[in-house]
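To start, the structure under review is shown below, and the notes come after it.
Laboratory data are not the source of any read-out in this text; all were calculated from the coordinates shown. This is a predicted model, so every value here is computed, not measured. Reconstructed Cβ throughout: ideal geometry from the backbone, glycine too, with neighbour counts over all protein chains shown.
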Amino acid sequence: MVWRFSAQVLTCGVVCIGAWVAEAGSVHPCEGLWTPAQIPGLRQFRIADGMLQWSPEIHSEITSMTDVSISIDLQGSDDGLHTEAECRDGKLYWDCGDVWDAVDEYASIDDIRSKLESSAWTEKDRPGVHIFIFTDTMVSGGDIQPAPFTMSKDYNVDTNLYGSSAVGKVSGGEISWDFGKVWVPIHLNSDVLTRLEGGRWTEKKDPGRNVYQVIDGTAQGGDLEPTKFSVRPDGKIVAKLRGTDNVGTMQDNGDITWAEGGEGRWLRLASEEEIGRKLEGIRWTEETQPFVRTFTVIGFEALGGDSPAPFGLYSDNGVFLKSGSELFRGTFRDDGEIHWRTNANDTTPWIWVTIDAIEEMLSQIDGKRWTTKSRPGESVYTVEGYSISGGGIAAKFVVLPDRSIVSAIAGRSVGRLLDNGDIHWSEANATVNDTHVWLPLADPEVMLQKLEGKEWTEASEPGELIYTVSDDMVDGGGVPAFFVMLTDGTIYTGLGGGSLRGQLLQTGEIHWDGNQTAWVTMEAIGRLRARMEGKRFTGASKPGQSIYTVSDGLVFGSGVEAELELLPSGHVHSGLPGKSSGQMLDSGEIVWEGGAERWLPVAPAQQASMELEGITWAESGAAGNRTLVVKRGKVLADGADVGSIVLLENGTVVMSTDKEVIAGTLSSGNGVVWNGDRGSWVVAAADATTFSEKFEARGSSLAALIAPGMIAPSAALALIFVAAMTVGARVVWRRQEVRGDFMVIGSGHREEDGSARSSFQQVLAQEDEHFSDA
């Protein structure tokens, strides 16, 4: 395509007038009739002969032109303001962002009529003062009487205005009337138009009473006559509502605020899609009558009542519902509930709760059990689905999302599930007391794990009575009785015909209120007896003077014999005078209640024998310089008893005399170093007596104690140490043997009837294997 520039040039060389024109036979792609894509057909502009014709009277000169673009000076611009457009794909793309579509210049009269009717019109010299509308065959609005109009083939509008016939020529998107007025279309705001079309609104002053919808630019519905809505260039909405011109502003949330005309504010209603996104799949039921009726919302209707009811959702989660002659307004809450009221003064809302939320609560309580606080354990109530049974009742039982309860139990129709699991029933004029409180029971699985399948016994007399728990009952020691445990570990039982209260501790013991003895499992008794087997203790006030040995649940020493049991909690129960109850510390010490002395754990006798006995010790320091020997826990100086000595489990050596108690440390290199500058003991000479000689020397006294077959002769058996003592009619022994790679530590006693009992511990490396013979 070839273009040339035709211009007149002054003598000074400045271009005065010029235009780009095509050579003969050429057509530029930008030439032709165009209309803005935002307001198609309402305004038309022609590009031809190097000019952009805005209207018959106004044009802009094309200052430059390429094969696909043009540049123009804006009409009336004193500062030389330019704009450019590029032509491609049948459209003009202006650098300001506007887009124009090409217009078929041979449009039909019906096309022109359609374009007239698709917009509102106003006077060019007084924009917005009067609004005129073409609908079907009538023109109306503003200050004219409604009148019919027709279209002639030359695109003229023939009608009657202001009492006289009038002809208007449609050209360039304007209507020029023969009486001198020019109507121009109200420049549409495409965003506001889009938001208006198909939208639904209701009046804020009376939400839900009337619902208006805009279809094809016309508002209708409720008490409103069909009314044309138009949009001004500034985005304001113009409409003649109820005979009065109104100008409104669309808010960001879609509400329309009418600043003129007295309409107030219209609330935008959610579309079907918006309602579906927000409410689809939600099922509701009435809070006061759960599951009697269920409700759902589909489109603009609520289903579930007597008949479908109009439903709307507007700004700030407001909702309305028309049920018969009643209009309910409410709020759709974040938790999904809808609280309805018939008027602002309604203090008792009609509440819809979601069935999903109720089912979520059911998942938390299904299978849960309760008992009355006033008589715990006598009746047990269990929830299964939406019913509860137990104690001779079976009734509807629903826990709502706010944890309130609706039930059909006589006298228990309304209640609340507390966070701790308690249920408080509230009836008219009733105060909350023990008869109105239900306590939550532990799950059957917890009962099975912690209580059932075990043999329980009283700690004071282990094995004397055995109790078993199953299905909320306890058997043993008499008539079976109820036995229940709360979620906090509190236990109630009807043993003995009354109501006994206790607590299951983390240690596995059951401690009963009052002076009742604790319960422990026989399994724990056996495990702790094995732990205590062979343990030795001495009094902290005079260590070594008395040694107490534990064996088979008994303690022996200082001429006494009594029961002694260690419980899982560390509590020690014994039959010793003045030492019936105590506590074992982590250090192994036993602290007795009632001011009795502490017991210190003593090292095994064979260890003390090997470390202290059979050695001649030379004493030095504050106590003087003596030669000492240790025999059976006694310290001898020149054959005289000067005190007792004991080796504790922690390696401390303690010597007790009639004057003092001193402690020290046993060191293989330095002997015994006493604390507090008390000097030390060093080895003067080792006792040359062999173990076999020691055994032979004591053998005569031991022979009568060993029952035939208890210690089998063996060439591989090296007897390291055997100790024996007589306690009343009962004889107790402790022995340690080496059998190949094993060390065997044993202890036992002879019963009064002459039978012998013993137990052994076989040790290899760090692992213990227990076995016994009798």
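Measure off 7 Å from each Cα along the Cα-to-Cβ vector at Val560 and Gln516, then give the distance between these two points in nanometres to one decimal.
Distance between label points: 2.9 nm.
Given axes a ≥ b ≥ c from the Cα gyration tensor, I'd like to know whether region 80-232 is rounded (a/c under 1.5), prolate (a/b larger than b/c) or oblate.
oblate
My understanding is that a pair violates if its Cα-Cα distance is over 27 Å; which of Lys115/Lys278; Lys124/Lys240; Lys91/Lys228; Lys115/Lys204 do that in this structure?
Check vs 27 Å cut-off fails for Lys115/Lys278; Lys91/Lys228; Lys115/Lys204.
Rank Gly463, Met361, Ile409 by how far each Cα sits towards the positive end of the charge dipole of region 316-467 (+1 on Lys, Arg Cβ; -1 on Asp, Glu Cβ) and give me just the farthest.
Value computed over the given set: Ile409.
For region 472-561, what is the relative contact order in percent, using Cα pairs closer than 8 Å and at least 6 residues apart in sequence?
The value is 12 percent.
At 0.36 nm per residue, minus the direct Cα-Cα distance, what do Glu326 and Glu197 gain on full extension? Give it in nm, one decimal, please.
That pair, Glu326 and Glu197, stretches by 43.5 nm at full extension.
Consider just the alpha-carbon atoms of region 459-544 and return their Rg together with their Dmax, both in angstrom.
Both quantities, over Cα of region 459-544: 16.3, 53 Å.
How big is region 307-401 in terms of Cα radius of gyration and Dmax, in angstroms?
Computed over the Cα atoms of region 307-401, radius of gyration and Dmax are 18.8, 55 Å.
Place a point 7 Å from the Cα of Arg242 along the Cα-to-Cβ direction; which residues of region 203-219 have their backbone N under 15 Å from it?
203-212
Just to verify a number: FRET efficiency for Ala37 and Ala259, C-beta to C-beta distance, R0 = 30 Å, to 0.05?
0.50
Return the FRET efficiency for the residue pair Lys631, Leu362: r is the Cβ-Cβ distance, R0 is 60 Å, and the value is rounded to the nearest 0.05.
My answer for the efficiency is 0.20.
So if each residue of separation counts as 0.36 nm, and I subtract the Cα-Cα distance between Asp586 and Glu445, what length gain in nm does that give?
Result: 47.5 nm gained on full extension.
Which lysines have a Cα lying under 20 Å from the Cα of Lys450, excluding residues fewer than 8 positions away in the same chain?
Output for Lys450: Lys368.
Between Ile547, Ile525, Gly494, whose Cα lies farthest towards the positive end of the dipole of region 459-573 when Lys and Arg beta carbons carry +1 and Asp and Glu beta carbons carry -1, centred on the Cα centre?
Ranked along the dipole, the leading option is Ile547.
State, to one decimal in nm², a quarter of the convex hull surface area for the C-alpha atoms of region 539-635, i.e. the direction-averaged projected area.
7.8 nm²
Relative contact order (percent) for region 311-353, with alpha-carbon contacts under 8 angstrom and 6 or more residues of separation?
25 percent
For region 426-575, what Kirkwood radius comes out of the mean inverse Cα-Cα distance, in Å?
The answer is 17.6 Å.
Can you compute the modelled spin-label distance between Lys659 and Asp49, with each label point 7 Å from Cα toward Cβ, in nm?
14.4 nm
Between Asp488 and Thr288, how high is the FRET efficiency from 1/(1 + (r/R0)^6) when r is the Cβ-Cβ distance and R₀ = 30 Å? Nearest 0.05.
0.40
Subtract the Cα-Cα distance of Glu464 and Thr347 from 0.36 nm times their separation in residues, and report this length gain in nm to one decimal.
35.5 nm
Could you check the spin-label model distance between Ala640 and Ser387? Points 7 Å from the Cα along Cα→Cβ, value in nm.
9.3 nm
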